[in-house]
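Before I ask anything, let me first share the structure, which is written out below as structure tokens.
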């Protein structure tokens, strides 16, 4: 079991001694680096596959899927060339890559369970070590926190980027307001699927330690931030976690009819109440989501 920070090699200390996996009801610890703040889920299960399952990817409604695609395009395309070669690490069902391909990009992805993306006609391998060639853009959309060794992954991504290439990383902000308010019941902890828990300091330190220059930081993905407030509040009140989320995305839950009804009734109220909290977190630089754009320096 790891005892030192993945980013800065400092001895870890316990942040949360007991965090519940909402799917298996197993308990995990989150240890934190006192220097950079990076959280580490302990222990890392030897077999992560059983914590995902066939329903993990997808489940978005048509509107939210289109909005997610539009939002990512707004982050990426104003900063990069018209077209080029793009790699998405942890591409899920491949939706982001399909949209980029429609714009003329040559695309490739990595995904531990690549079936859905391959069925969509995409070139997808299972690990970064299997990727070859150079890329103009590498993206990690809510995937870096899932990887066993983020430092090695960013180092590998750097080596795959062309000089002047851009890297984009989006992660839940474990130092944001949501995380502070809800602690071990924060929806986006999602142990053990989330093996690491980044804040702005730790993510920036990781990128810069691998030779990347951080050029822009954002503190919000509206859909993810808003739902994080809602489901975290429900988790703080109800005995079974993530009932609202599971029902909305078509996943099974052991919760009874009473909890399901309460989740939907309270979920509507909490979502409305959370609307003003999202811009507050964003303006304070402490949103539920952290996004960074970084650049690989050109060869002089």
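Every number here is computed from the coordinates shown, using simple stated rules; none is lab data. Quick caveat, the model's predicted, so the values are computed rather than measured. Here Cβ is always computed from backbone atoms with ideal geometry, including for glycine, and neighbour counts include all displayed protein chains.
Scale the Cα Rg of region 252-300 by the rule-of-thumb value 2.2 N^0.38 Å and send over the ratio, two decimals.
2.02
Arrange the following residues from fewest to most other Cβ atoms within 10 Å of their Cβ: 138, 76, 269.
The most exposed by this proxy come first: 269, 76, 138.
Compute the acute angle (0 to 90°) between the alpha-carbon long axis of helix 62-76 and the principal axis of greatest extent of the alpha-carbon atoms of the chain; round to the nearest 10°.
Long axis of 62-76 versus the principal axis of the chain: about 40 degrees.
Hey, could you get me the Stokes-Einstein D for region 144-221, Kirkwood radius over alpha-carbon pairs, 10 °C and 1.306 mPa s, rounded to whole µm² s⁻¹?
For the chosen part, D equals 117 µm²/s.
If you don't mind, another one. Any idea what angle helix 150-160 forms with the longest principal axis of the chain, computed on alpha-carbon atoms, 0 to 90 degrees, nearest 10?
30 degrees
Restricting to bridges with both residues inside the chain, how much of the DSSP beta-bridge set is antiparallel, in percent to the nearest 5?
Around 60 percent of the beta bridges assigned by DSSP in the chain are antiparallel ones.
Find the centroid of the Cα atoms in region 227-279 and in region 4-34, then give the distance between the two in whole Å.
25 Å
Which distance in nm do the two modelled labels at residue 217 and residue 257 give, with both placed 7 Å along the Cα-to-Cβ direction?
Once both label points are built, they end up 5.0 nm from each other.
Starting with the fewest neighbours, write out 154, 291, 224 ranked by other beta-carbon atoms found within 10 Å of each beta-carbon.
Listed from fewest to most nearby Cβ atoms, that is 224, 291, 154.
Now, a different point. How many Å³ per residue does the convex hull of the Cα positions in region 182-300 occupy?
Hull volume over Cα atoms, normalised by residue count, gives 126 Å³.
A follow-up question, please. With no solvent and one equal point scatterer placed on each C-alpha of region 46-171, evaluate the Debye formula and give log10 I(q)/I(0) for q = 0.11 Å⁻¹, two decimals.
The Cα Debye sum returns log10 ratios of -0.35.
Additional query: Under the Kirkwood approximation for Rh and a Cα-based Rg, what ratio Rg/Rh is obtained for the chain?
0.95
Would region 194-254 count as rounded, prolate or oblate if I go by the C-alpha gyration tensor, calling it rounded below 1.5 in a/c and otherwise prolate when a/b exceeds b/c, oblate otherwise?
prolate
What do you get for the angle between helix 222-237 and the principal long axis of the chain? Use alpha-carbon atoms, 0 to 90 degrees, nearest ten.
Rounded to the nearest ten degrees, it is 30.
Now a separate question. Using a 10 angstrom cutoff on alpha carbons, build the Gaussian network for the chain and name the most mobile of 150, 254, 172.
Highest fluctuation among the options: 254.
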